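All remarks here apply to the structure that follows.
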């Protein structure tokens, strides 16, 4: 049986009422995004799409002390739990959870401070398609793309990003090419790709993708490609994974 909460160095995430529990995918994205230094604009506004328990939003609040973070999810129980996690964190005034669909999201009260939207959008989106649905409706919504397709995620992320804003995703490795094609159609240029392996001997299981919003189909943007192996030879966390998450895991 999973524990009702997960303790990190600076905060605790309660996830007993959330469909999706704290897991490696969320921790990876929260520690990795944005992978490249944010040099175009100050990183002041962040949107977490499908926040669940609020894990990624909390990690980004720790990493970026000047940022204000909006966290949205369509599941009422998850949003309530995220709000509770934010309230007892060190950053209750900078993170806000809302029950909302990204397809309808217009920021708080429909306003856009300083004429801008978000400098960074992150998402650990639903990814199962054409597979057996879980009878638990909450887990079904959180895990399946029926309520948020990759195309919709990319379209609305492009709509909500500032000029040169960044979108960071964690996805199954088999979705890489599809998502890269969909992103290009929305003028989102891939800037960083990290392939994630559970062990060196196994195929990549996840990809971390960072896109930059552009105004044209710029083919000259350089792409940084690298890899991350999660486990060492004895089954513990690899040195690279420990380095990436050293500010979070106890």
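Quick one: check the C-alpha center-to-center distance for the range 45-63 versus the range 157-193, whole angstrom.
With the range 45-63 and the range 157-193 each reduced to a Cα centre, they are spaced 18 Å.
Give me the one-decimal nm value for the distance between modelled label points at residue 249 and residue 87, 7 Å along each residue's Cα-to-Cβ direction.
The answer from the label model is 3.2 nm.
Distance from a point 7 Å along Cα→Cβ of residue 221 to each backbone N in the range 173-212: keep the residues under 13 Å and list them by number.
Correct set: 180-193, 209-212.
As a footprinting exposure proxy, order 200, 66, 80 by other Cβ within 10 Å, with the fewest listed first.
Least crowded to most crowded, the residues run 66, 200, 80.
Sorting check: for 184-193, 46-55, which peptide has the highest mean count of neighbouring beta carbons within 10 Å, and how do the rest follow?
Ranking the peptides 184-193, 46-55 by packing returns 46-55, 184-193.
Where a number appears in this text, it was derived from the coordinates with a stated rule and is not lab data. Please read these numbers as outputs of a predicted model, since none were measured by experiment. Cβ atoms come from the backbone with ideal geometry, glycine included; neighbour counts cover every protein chain shown.
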